[in-house]
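See below for the structure under consideration.
The values are calculated or read from the model by the stated rules, or taken from the named source; none is laboratory data. Not measured: the values here are computed from a predicted model. Virtual Cβ from ideal backbone geometry, glycine too; neighbours counted across all protein chains shown. Protein only, heavy atoms only, side chains kept; ligands, DNA and RNA dropped before computing areas. Shrake-Rupley method; radii C 1.70, N 1.55, O 1.52, S 1.80 Å.
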Amino acid sequence: MPDLSVKYMGLTLKNPLIVASSGLTANLQNIKDYADKGASAIILKSLFEEQIIAESDTHIQRDESYGYDVQDYISRYTRDNALGNYLNLIKEAKANVDIPIIASINCVSNEEWVSFTKKIEEAGADGIEINISLLPSDPEASPEKTEETYFSILEKVRKTTSLPVLL
């Protein structure tokens, strides 16, 4: 049988069949099924920071009776719960399949990249795909400033992880 192995993100894969980030990679059973059918790597469904923010906002009524402490608590709880579920999926996938599991994160703020990356590495992911979702819609922001932001995020991520990073 011919050798179909390839290098991807510095990882050696048994073949070029990678299941991309989508709803298909959002649960353990599908991940196991794809590994059994010959996939050489799985990129998990992206963890979207803006979805976490939107979910948090639905729990917080914009009412003066809620103090900032309560709003902050609800925001942190929602974020930690969503991130915790994602980290559990990484751990379960790594325990059940013998192919690389690549996390995918999509953040809209500069702050979350580093904290998400550290936790994803600790959970056992083999790599991280980062999707930067900073829309260049500010007419005052130059293209150079937008590009600088992208490179700054990538530099911060690379400083906090030894995992291969896909941008």
> Are any residues in the stretch 28-51 of a type outside the set (Asp, Glu), over 17 Å from Leu166 (Cβ atoms) and modelled with pLDDT of 95 or more, and if so, which ones?
Replying inline: Leu28, Gln29, Asn30, Ile31, Lys32, Tyr34, Ala35, Lys37, Gly38
> Within the stretch 1-19, restricting attention to residues that are of a type outside the set (S, T, N, Q) and exposed (fewer than 14 other Cβ atoms within 10 Å of the Cβ), which residue is nearest to Leu166 (Cα to Cα)?
Replying inline: Gly10
>> Which numbered condition in (1) more than 28 Å from Lys159 (Cα to Cα); (2) open to solvent by less than 20 Å² (accessible area, probe 1.4 Å); (3) modelled with pLDDT of 60 or more; (4) aliphatic (A, V, I, L, M) is the only one that Ile60 fails?
In response: (3)
> Out of the residues in the stretch 135-159 that are touching a helix residue (DSSP H, G or I) at 6+ places or on another chain (Cβ under 8 Å) and open to solvent by less than 40 Å² (accessible area, probe 1.4 Å), which is nearest to Ile102 (Cα to Cα)?
Replying inline: Val157
